[in-house]
Structure formats: structure tokens, C-alpha cells
Amino acid sequence: MGNEYNNNLINPNWAKHGYIQVYTGNGKGKTTASLGLAMRALGRSWKVLIIMFTKGGNDYGELNSFRNLSEEISENLTIIQAGLDRIVYNNNKTEMDASEIKKGWELAKKAIKNDEYNLIILDEANIALDLGFIDLSEMVEVLKNKPQEMEIVLTGRNAKPEIVEIAHLVSEINPVKHYWDTGVVARKGIEY
């Protein structure tokens with residue numbers, strides 16, 4: 001064989017194969033990375049669904065940008081906010097939080113099952129799993145049975161090992177230095 005390259009190792013349909021990506025870690029930029037991917041996909045006329053778990057309200061710069069996309073691009077984009085207008089932690093979660101997130105998860109499952117999109121971003125899905133709002137075994141089963149050509153991205157801290165195990169790409173974003181440590185608060189246009 002020598003220097004011959006075995007073409008059988010490469011999936012001839014790699015460009016049409018969809019993968020599971022996870023952006024996790026305690027660093028800033030997980031949602032930002034996924035939304036950059038959404039813009040790239042929309043620029044290639046992909047149908048994109050973004051479900052924002054634990055995020056309600058309208059004070060997000062990215063939502064303002066997405067609302068102002070050209071008609072041609074925006075017809076391929078669906079954004080669903082599946083959360084209340086507040087940050088949810090273990091010590092303040094409520095039934096209303098659970099209800100909103102479960103509605104979003106039901107929509108995600110339907111979209112995956114019906115093969116309605118090329119790219120589905122489950123923003124803060126790792127947080128929803130960590131808070132117990134989405135059943136981990138159900139999520140794993142849905143992801144394992146996704147349509148072959150569909151790309152699915154999960155973001156959020158504390159990715160479960162079971163999710164990491166089935167993912168094809170996992171990026172852990174770790175903070176090396178952050179201006180929040182000096183008392184700088186979230187800024188419009190940068191953090192939201």
C-alpha cells in the first residue's frame with residue numbers, strides 16, 4: 001500500500017452528513033459560536049431552527065439582528081424562546097420555567113422527527129438538562145435517532161457525559177481571563 005490513500009475511509013457523502021455538536025464550558029462564547037454557525041448555514045440557504053432554552057424576553061442583540069435579516073434569508077429561520085425573561089438557577093427554578101422549557105423541547109423533538117430543518121440549535125440545552133427540565137435519556141435517544149443529514153448543536157455549561165459521548169464534535173470553552181472578574185457587568189452588544 002505504501003503512500004496510497006484508502007478512499008474507503010472517507011464517507012463519500014460527508015458534506016451531506018449531519019453531526020451533533022456541543023459547545024460547553026465555563027467560558028464566554030458558546031451561544032455566540034452557535035449563532036455564527038446559524039448565520040453561515042443561512043448564507044447557504046439552509047433551514048435553521050434555534051430554540052433558546054431558559055431565555056425569554058426581547059433584550060438580546062442577536063434577536064434584533066435576526067429580525068432584520070433580508071426576507072430571503074429570514075424565511076429559512078425559525079427562533080423559539082423557551083424560557084422566562086430571567087436567569088434560572090437550581091435555587092429559583094419554578095413550574096413556569098419547567099413548562100416553557102418543556103414546550104420548547106416538544107417543538108424540538110417534533111422538528112427533529114419530521115426532518116424539518118437542516119440545522120437545529122438547542123441553545124442552553126445543557127443547562128435545561130442540568131436543571132432537570134429535560135429528561136437526559138430521552139434527549140440522548142432523540143439525538144441518536146436524528147435524521148442522518150441534520151446537524152444539531154447543543155450549547156450551555158455542564159454538558160452531561162452521555163451527551164458528550166454521542167456528540168461528534170465537542171468544544172469546551174474555558175475562561176482564561178474575563179473582565180467580569182474585575183467587576184465589569186454584562187454589556188449590551190457584547191454579552192447580550
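The values are calculated or read from the model by the stated rules, or taken from the named source; none is laboratory data. Since the structure is predicted, the reported quantities are computational estimates derived from the model, not experimental observations. Backbone-built Cβ (ideal geometry, glycine too); neighbour counts: all protein chains shown.
Given the condition of a type in the set (Ser, Thr, Tyr), modelled with pLDDT of 85 or more and more than 28 Å from residue 166 (Cα to Cα), answer yes or no: does some residue in the range 66-80 qualify?
Taking the range 66-80 first, the residues of a type in the set (Ser, Thr, Tyr) are 70, 74, 78.
Right, trim to modelled with pLDDT of 85 or more and you get 70, 74, 78.
After this cut, where a residue has to be more than 28 Å from residue 166 (Cα to Cα) as well, the list is 70, 74.
Checking the range 66-80: at least one residue is of a type in the set (Ser, Thr, Tyr), modelled with pLDDT of 85 or more and more than 28 Å from residue 166 (Cα to Cα).
With (1) in a loop (DSSP other than H, G, I, E, B); (2) touching a residue at least 24 places away in the same chain (Cβ under 8 Å); (3) over 25 Å from residue 64 (Cα atoms) as the list, and residue 129 as the residue in question, which single condition is left unmet?
Among (1) in a loop (DSSP other than H, G, I, E, B); (2) touching a residue at least 24 places away in the same chain (Cβ under 8 Å); (3) over 25 Å from residue 64 (Cα atoms), residue 129 violates only (1).
With the condition kept exactly as written, say whether any residue in the range 35-44 is part of a helix (DSSP H, G or I), of a type outside the set (A, V, I, L, M, F, W, C), without any contact (Cβ under 8 Å) to a residue 24 or more places away in the chain and out of contact with any strand residue (DSSP E or B) (no Cβ under 7 Å at 6 or more places or on another chain).
Checked the range 35-44: at least one residue is part of a helix (DSSP H, G or I), of a type outside the set (A, V, I, L, M, F, W, C), without any contact (Cβ under 8 Å) to a residue 24 or more places away in the chain and out of contact with any strand residue (DSSP E or B) (no Cβ under 7 Å at 6 or more places or on another chain).
Residues are listed down the side, and each one gets a yes or a no for (1) among the polar types (S, T, N, Q); (2) in contact (Cβ under 8 Å) with a residue 60 or more places away in the chain; (3) at negative phi:
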| site | (1), (2), (3) |
| --- | --- |
| 96 | no, no, yes |
| 101 | no, no, yes |
| 104 | no, no, yes |
| 111 | no, yes, yes |
| 114 | yes, no, yes |
| 117 | no, yes, yes |
| 135 | no, no, yes |
| 138 | no, no, yes |
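Mind checking which residues of the range 140-174 are touching a residue at least 40 places away in the same chain (Cβ under 8 Å) and assigned to a helix (DSSP H, G or I)? Reasoning before the result, please.
Restricting attention to the range 140-174, the residues satisfying the condition of being touching a residue at least 40 places away in the same chain (Cβ under 8 Å) are 143, 146-159, 163-164, 166-174.
Passing the criteria: 143, 163, 164, 166.
Going by what's in this entry, would residue 144 be described as out of contact with any Pro (no Cβ under 6 Å at 6 or more places or on another chain), modelled with pLDDT of 95 or more, exposed (fewer than 12 other Cβ atoms within 10 Å of the Cβ) and among the charged types (D, E, K, R)? Explain how you work it out, then say what you get.
Details: out of contact with any Pro (no Cβ under 6 Å at 6 or more places or on another chain): yes; modelled with pLDDT of 95 or more: yes; exposed (fewer than 12 other Cβ atoms within 10 Å of the Cβ): yes; among the charged types (D, E, K, R): yes.
Considered against the rule, which asks whether it is out of contact with any Pro (no Cβ under 6 Å at 6 or more places or on another chain), modelled with pLDDT of 95 or more, exposed (fewer than 12 other Cβ atoms within 10 Å of the Cβ) and among the charged types (D, E, K, R), residue 144 comes out as yes.
Considering only the range 66-81, state which residues are without any contact (Cβ under 8 Å) to a residue 24 or more places away in the chain and surrounded by 15 or more Cβ atoms within 10 Å (Cβ to Cβ). Talk me through it step by step, then tell me what you get.
Let us first name the residues in the range 66-81 that are without any contact (Cβ under 8 Å) to a residue 24 or more places away in the chain, namely 66-68, 70-72, 74-75.
The one that is without any contact (Cβ under 8 Å) to a residue 24 or more places away in the chain and surrounded by 15 or more Cβ atoms within 10 Å (Cβ to Cβ): 66.
From the list 113, 55, 109, which residue is among the basic types (Lys, Arg) and farther than 25 Å from residue 149 by Cβ? So that I can check it myself, show each step before the final result.
Numbers: 113 fails: farther than 25 Å from residue 149 by Cβ; 109 fails: farther than 25 Å from residue 149 by Cβ.
Result of the check over 113, 55, 109: 55.
Where residues in the range 175-192 are in a helix (DSSP H, G or I) and either modelled with pLDDT of 95 or more or not charged (D, E, K, R) (or both), which of them is farthest from the chain's Cα centre (by Cα)? Spell out how you get there, then give the answer.
First, pick out the residues of the range 175-192 that are in a helix (DSSP H, G or I): 179-182.
Pick out the ones that are also either modelled with pLDDT of 95 or more or not charged (D, E, K, R) (or both) and you get 179-180, 182.
Values: 179: 25, 180: 24, 182: 29 Å.
In this case the residue turns out to be 182.
Would you mention how many residues in the range 87-119 are surrounded by 14 or more Cβ atoms within 10 Å (Cβ to Cβ) and either outside any helix (DSSP H, G or I) or β-branched (Val, Ile, Thr) (or both)?
8
Among the numbered criteria (1) under 17 Å from residue 101 (Cα atoms); (2) within 16 Å of the chain's Cα centre (by Cα); (3) not acidic (Asp, Glu), which single criterion is violated by residue 132?
Condition not satisfied by residue 132: (2).
If I filter the range 1-34 down to residues being β-branched (Val, Ile, Thr) and under 21 Å from residue 148 (Cβ atoms), which single residue comes out as modelled with the lowest pLDDT?
10
Look through 63, 49, 42, 37 and report the one residue that is surrounded by 15 or more Cβ atoms within 10 Å (Cβ to Cβ), of a type in the set (A, V, I, L, M, F, W, C) and modelled with pLDDT under 95. Can you show your working first?
Numbers: 49 fails: modelled with pLDDT under 95; 42 fails: modelled with pLDDT under 95; 37 fails: modelled with pLDDT under 95.
Answer to the selection: 63.
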